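First the structure, then my questions, so here it is.
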Amino acid sequence: MTGVQTCALPIFDKPEMLARILQAEGRGPTMVFCRTKRACKQIADDMKERGFKTAAIHGDLGQGARESALKDFKSLKRDILVATDVAARGIDIDGITHVINYQCPEDEKTYVHRIGRTARAGASGTAVTFVDWDELTRWSHINQSLDLGFPEPQETYSSSDHLYSDLGIAKEAKSTVAGTKKPEKSEPSKKREKVEKTERPVRQKRERTRTRGAAKKERE
């Protein structure tokens with residue numbers, strides 16, 4: 001593993017950052033991990049609209065759709081695979097250059113399992129973890145358990161200079177693949193983004209009550 005990055009960032013800017021990381025120099029097959037099926041589908045659809053060759057696997061897909069997505073990824077017909085942890089179990093693919101934790105892992109074991117998909121057999125690789133403001137407590141536990149040396153993720157935006165220099169991204173990189181028109185946001189999306197931009201999330205973990213069965217179903 002040649003590069004491990006952690007980024008503390010606002011939710012609304014995550015797709016913009018991901019789109020630029022996917023244009024990093026030397027990027028090959030890439031896995032993007034999400035905790036929920038909903039997030040997996042949303043980010044895969046978004047990246048497709050931005051012109052990236054993206055496939056997705058999650059619990060809402062039938063067996064045929066999953067096999068088709070994996071086949072496309074292995075053949076490099078699509079070089080980006082967005083997956084939930086449950087759906088990605090058992091996937092063993094060599095040559096992955098980047099692993100992006102679009103949502104912070106639940107614990108240190110999940111973190112190690114995710115980033116272990118890259119830099120195999122002596123090859124180099126890059127792992128990037130997005131840490132939302134309300135995920136700082138979770139990340140602190142992961143960092144401490146694995147002694148990673150990143151107790152406080154660096155606050156990062158899609159316009160941050162260090163994002164481009166640290167990950168080898170050209171300053172000219174845009175939010176879409178060259179020649180692709182940026183997708184229009186729906187009115188509800190515009191309203192949500194406006195709220196998120198004006199109301200910065202509080203830096204603390206929010207407590208929510210959920211049944212174990214409901215949480216498991218959402219992650220698969």
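The values are calculated or read from the model by the stated rules, or taken from the named source; none is laboratory data. The shown structure was predicted, so the numbers you read here are calculated from the model rather than taken from an experiment. Note: ideal-geometry Cβ built from the backbone for every residue, glycine included; neighbour counts use all protein chains shown. Please note that ligands, DNA and RNA were not included when accessible areas were found on the heavy atoms of the full protein model with its side chains. Shrake-Rupley method; radii C 1.70, N 1.55, O 1.52, S 1.80 Å.
Please list, ordered by chain and number, the residues whose modelled amide H lies under 5 Å from the amide H of residue 32; skip anything fewer than 5 residues away on the same chain.
Counting only residues 5 or more places away or on other chains, the set is 81, 82, 83, 100.
So, one more: Let me check I've understood the local charge: for residue 92, count other residues with C-beta under 14 angstrom from its C-beta, Lys and Arg +1, Asp and Glu -1. What total comes out?
Details: positive: 74, 89, 114, 117, 120; negative: 94.
Local net charge: +4.
Residue-wise, which Karplus ³J(HN,Hα) couplings in Hz belong to segment 86-97, taking 6.51 cos²θ - 1.76 cosθ + 1.60, θ = phi - 60°, and x for glycine or proline?
Couplings: 5, 5, 8, 4, x, 6, 10, 10, 7, x, 6, 9 Hz.
Restrict the search to segment 1-94; then list the GluC sites (Glu not before Pro) that DSSP places in a loop and that have at most 14 other Cβ atoms within 10 Å of their Cβ.
Answer in residue order: 25.
If you don't mind, another one. Ranked from the most accessible area to the least, with a 1.4 Å probe and all protein chains present, what is the order of 14, 71, 37? Can you show the working numbers first?
Values: 14 10, 71 145, 37 30 Å².
My answer, sorted largest first, is 71, 37, 14.
Past 28 Å, Cα to Cα: identify those pairs from 37/71; 14/171; 14/109; 37/181; 37/171, in the order given.
Values: 37/71 20 Å; 14/171 18 Å; 14/109 24 Å; 37/181 26 Å; 37/171 32 Å.
Exceeds cut-off: 37/171.
Further, regarding this structure: Compute the relative contact order of segment 1-141 as a whole-number percentage, counting only Cα pairs closer than 8 Å that sit 6 or more residues apart in sequence.
Values: 246 pairs, mean separation 49.2, N = 141.
Reported relative contact order: 35 percent.
While we're here: Tell me, what HN-Hα J-couplings in whole Hz come from the Karplus equation 6.51 cos²θ - 1.76 cosθ + 1.60 at θ = phi - 60° for each residue of segment 44-52, using x for Gly and Pro?
Per residue, the Karplus-derived 3J(HN,Hα) values read 5, 5, 5, 5, 4, 5, 7, x, 8 Hz.
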